[in-house]
Amino acid sequence: MLILAAIPLGNPGDASANLKRAIEESKFIAAEDSRRFGRLCSDLGITYSAKVLSFFEGNEIERLPELIEILKSGNDLLVVTDAGLPGISDPGYRLARAAVEENIKIKVLPGPSAVTTALLLSGLPSDRFCFEGFPPRTSGARLATFTKLAQEERTMIFFEAPHRLLESLQDLQTAIGSDRSAAICREMTKTYEEVIRGNLAELIEWAKSNEILGEITLVIAGFDPQSRNFDTAALIEEVLAQEAAGISRKDAIAEVARKTGVAKRDVFDAMVTHKSTDRLQP
């Protein structure tokens, strides 16, 4: 069977007994970084006799046939990443899909997750949330992604590289405003764990004045639909601005409805009012 195992985020004490047993008993292990895996085993005080195969983003697709052959030959395959669960912004998803297609059993050894750990540390609503992985690396694509999520009502969780954190925070501010509550969770479960909470404007100031190192998880509060406050005049102005840019009225109404979260029918009615007012002008 294919065994996907959760690895400690930083503190070796978070390793489960099932993980230790699986490492000791496995004949084949696919590891994101064999050196880091070796250090983990040393920290856990365990030894392994398995054949360790590298399995990381750069060779994931090329390695799949070999790993599937191991499974089809009747052997178990343990998959581990550097931290957290395989398949969550780390190699594992494609292998799991291939295993499903070959009717190979999949087992998960649950444990540490940066996604849920950061969610709880943030203090933001945790009843509904979505994981968005790493934002795009280029500013234009990143801003477009954040703009599409501007009215996402669930708490949002992102991974981000330390050297891109400030740029991502600034693009978030542009897309969703300065007042949205958020949290930066850094080096979770490690010696220098740190959580910075505040609105986006405050987090940007923190990022500007601090050296940012380590693993970063970013948690953003969802959009509050009760915060919508668009009067008829504002809706009309938005539609007219879209039309002035060369967009048809029908498409302009649809775009304004999407951007504001106001029902398309309400935007349409606002424009009917505007048209009627225009007729009454001398």
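The values are calculated or read from the model by the stated rules, or taken from the named source; none is laboratory data. It should be emphasised that the depicted structure is a prediction, and the values quoted were computed from it without experimental measurement. Neighbour counts run over all protein chains shown; Cβ positions are idealised from the backbone, glycine included.
Values computed for the structure shown
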quantity: Qualifying residue in the stretch 142-153 (condition: of a type in the set (G, A, S), modelled with pLDDT under 95 and part of a loop (DSSP other than H, G, I, E, B)); calculated: yes
quantity: L71 being assigned to a helix (DSSP H, G or I) and more than 20 Å from P162 (Cα to Cα); calculated: yes
quantity: Number of positions in the stretch 43-68 that are in a helix (DSSP H, G or I) and among the β-branched types (V, I, T); calculated: 2
quantity: Meets criteria (buried (at least 18 other Cβ atoms within 10 Å of the Cβ), outside any strand (DSSP E or B) and in contact with a strand residue (DSSP E or B) (Cβ under 8 Å, 6 or more places away or on another chain)) for L40; calculated: yes
quantity: From I88, I157, residue being touching a strand residue (DSSP E or B) at 6+ places or on another chain (Cβ under 8 Å) and assigned to a loop (DSSP other than H, G, I, E, B); calculated: I88
quantity: Residue among I46, I29, I23, I68 that is of a type in the set (V, I, T), exposed (fewer than 15 other Cβ atoms within 10 Å of the Cβ) and in the same structural domain as G92 (by TED's automatic domain parsing); calculated: I46
quantity: Residue under evaluation D82, criteria (1) under 25 Å from S34 (Cα atoms); (2) in contact with a Phe, Trp or Tyr (Cβ under 7 Å, 6 or more places away or on another chain), criterion not met; calculated: (2)
quantity: Flag for P125 being under 15 Å from the mean Cα position of the chain (by Cα) and either modelled with pLDDT of 95 or more or of a type in the set (S, T, Y) (or both); calculated: no
quantity: Given (1) modelled with pLDDT under 90; (2) touching a Phe, Trp or Tyr at 6+ places or on another chain (Cβ under 9 Å), number of the condition S227 does not satisfy; calculated: (2)
quantity: Any pair with Cβ under 6 angstrom, 6 or more apart, that starts in the stretch 190-219 at a residue that is modelled with pLDDT of 95 or more and ends at one that is surrounded by fewer than 16 Cβ atoms within 10 Å (Cβ to Cβ) and of a type in the set (S, T, Y); calculated: L200/S178; A201/S178
quantity: From A30, A99, residue being part of a helix (DSSP H, G or I) and in contact with a Leu (Cβ under 6 Å, 6 or more places away or on another chain); calculated: A99
quantity: All positions within the stretch 146-173 that are under 13 Å from the mean Cα position of the chain (by Cα) and of a type in the set (A, V, I, L, M); calculated: L149, M156, I157, A161
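For every residue, the table says whether it meets (1) of a type in the set (D, E, K, R); (2) at pLDDT below 95; (3) closer than 22 Å to A201 by Cβ.
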residue: P91; (1), (2), (3): no, yes, no
residue: V115; (1), (2), (3): no, no, no
residue: P136; (1), (2), (3): no, no, no
residue: G140; (1), (2), (3): no, yes, no
residue: H163; (1), (2), (3): no, no, yes
